[in-house]
Amino acid sequence: MPGTNPRDLGLLADCASCFGLCCVALPFSASADFAIDKDAGRPCPNLDDGFRCSIHAQLRGRGFAGCTVFDCFGAGQKVSQVTYEGRSWREAPGTARQMYAVFPVMRQLHELLWYLAEALGLEAARPVHGPLRRALEETDRLTRESADVLEKLDVAAHRAEVNELLLKTSELARAGLNGRERRGADLIGARLKGAGLRGANLRGAYLIGADLRGADLRRADLIGADLRGADLSRADLTGAIFLTQAQVNAAKGDPATRLPATLTRPDHWTAAPGGRPRPARRPGG
């Protein structure tokens with residue numbers, strides 16, 4: 001029976017155990033996030049022979065900020081080491097097409113595992129812990145299916161089933177807080193400095209470039225919220241529900257930003273006074 005610790009579930013990316021799948025399988029277009037165009041299935045020119053990024057330390061400066069935001073939730077190493085048993089697309093070119101198709105499916109399953117594990121750690125969600133546990137076990141089982149099964153999996157249908165449980169979890173966790181209802185709201189560039197958003201429903205909200213400095217986001221539901229460029233300086237996200245590392249990476253923050261213990265403070269966030277970077281918060285720390 002799988003546990004609920006992200007590390008034990010293999011939900012923390014381990015690039016050293018992956019075949020550079022995010023650098024090959026996924027497409028991107030020249031923009032503020034990517035310096036070049038790249039088609040799906042074509043290796044990024046920065047991928048070296050050891051499946052590592054040759055400009056990893058300079059990604060932002062070289063125009064690849066989008067790469068520093070992406071998080072596969074550990075799907076890359078699962079596909080590389082479990083689904084394909086350590087045989088890379090370079091060793092077995094015939095597996096490449098299917099491997100690239102399986103990777104995004106696995107990423108979605110691992111993202112669901114992240115949410116389910118978090119939900120099972122919420123005492124307020126105890127009334128639905130039984131269904132949540134069964135959903136986690138089924139999702140974990142699916143991640144261990146063969147490549148043929150994963151390629152044909154209706155992952156959207158599975159997500160829809162799990163989402164009903166996550167919705168209920170959110171309602172239980174935010175009960176009694178009278179949080180704002182802003183699900184799917186267009187809050188692009190919104191001036192929300194110091195806003196009281198404790199227990200708010202911000203599922204799928206567009207918070208691109210929003211000013212959230214000093215905002216109270218404790219126990220707010222942020223699943224799927226777009227935080228690209230949002231300023232979280234001095235904001236309190238303690239206990240924020242279903243917040244992911246990718247969302248945090250896409251935002252801006254400072255040493256006073258308070259994050260859930262499972263997330264790491266991005267290296268590109270503002271340094272502490274005196275120019276010294278504040279030590280990153282480690283998963284589980």
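Every number here is computed from the coordinates shown, using simple stated rules; none is lab data. A quick note: this is a predicted structure, and the numbers were derived from the prediction, not measured. We place every Cβ from the backbone using ideal geometry, glycine too, and count neighbours over all the protein chains shown.
The three principal axes of the Cα atoms in region 1-91 give end-to-end lengths of 44, 30, 21 Å, sorted in falling order. Among the GluC sites (Glu not before Pro) in region 47-132, those placed in a DSSP loop whose Cβ has at most 11 other Cβ atoms within 10 Å are Glu85, Glu91. Given axes a ≥ b ≥ c from the Cα gyration tensor, I'd like to know whether region 117-185 is rounded (a/c under 1.5), prolate (a/b larger than b/c) or oblate. The shape class here is oblate. For region 102-195, trypsin sites (Lys or Arg not before Pro) meeting the loop criterion (DSSP other than H, G, I, E, B) and having at most 14 other Cβ atoms within 10 Å: Arg144. Mind running the shape call on region 179-285? Use the C-alpha gyration tensor, a ≥ b ≥ c as the square roots of the eigenvalues: rounded below 1.5 for a/c, prolate if a/b tops b/c, oblate otherwise. Here region 179-285 falls in the prolate category.
Along the positive direction of the dipole of region 179-285 (beta-carbon charges: Lys, Arg +1; Asp, Glu -1; about the Cα centre), which of Thr262, Thr244, Ala205 reaches farthest? Towards the positive end, the residue furthest out is Thr262.
Ranked for footprinting exposure by Cβ neighbours inside 10 Å, fewest first, Val69, Val155 give Val155, Val69. Which Cys residues of the chain have no other Cys beta carbon under 4.7 Å away? Cys with no partner Cβ under 4.7 Å: Cys15, Cys18, Cys22, Cys53, Cys67, Cys72. What label, among [x] 28; [y] 36; [z] 23, belongs to percent of Cα pairs over 29 Å apart computed from the structure on display? Answer by label: [y]. If you find the alpha carbon centre of region 180-247 and of region 12-87, how far apart are they in angstrom? The two parts, judged by their Cα centres, are 27 Å apart. Mean Kyte-Doolittle hydropathy of 0.0 or higher plus an axial Cα length of 20 Å or more: which whole DSSP H helices in the chain meet both? Membrane-span-like by this rule: 96-120.
Would you please classify the overall shape of region 86-223 from the alpha carbon gyration tensor, given that a ≥ b ≥ c denote the square roots of the eigenvalues, rounded means a/c under 1.5, and beyond that prolate means a/b larger than b/c while oblate covers the rest? It is oblate, given that a/c is not under 1.5 and a/b is not larger than b/c.
Residues Leu136, Leu59, Leu167, ranked from the fewest to the most other C-beta atoms within 10 Å, line up as Leu167, Leu59, Leu136. About its Cα centre, the chain has a charge dipole of approximately 960 debye under the convention of +1 per Lys or Arg Cβ and -1 per Asp or Glu Cβ, with nothing else charged.
Dividing the summed -39500 (n - 2.57) terms of all DSSP H runs of n ≥ 4 by the residue count of the chain sets its mean residue ellipticity at 222 nm at -8500 deg cm²/dmol.
When each of Met106, Met99 is scored by the number of other beta-carbon atoms lying within 10 Å, the sequence from fewest to most is Met99, Met106. Subtracting the Cα-Cα distance of Leu167 and Leu47 from their residue separation scaled by 0.36 nm leaves 39.3 nm.
Ellipsoid semi-axes for region 15-174, based on the Cα gyration tensor and the rule √(5λ), read 31, 20, 13 Å when sorted largest first.
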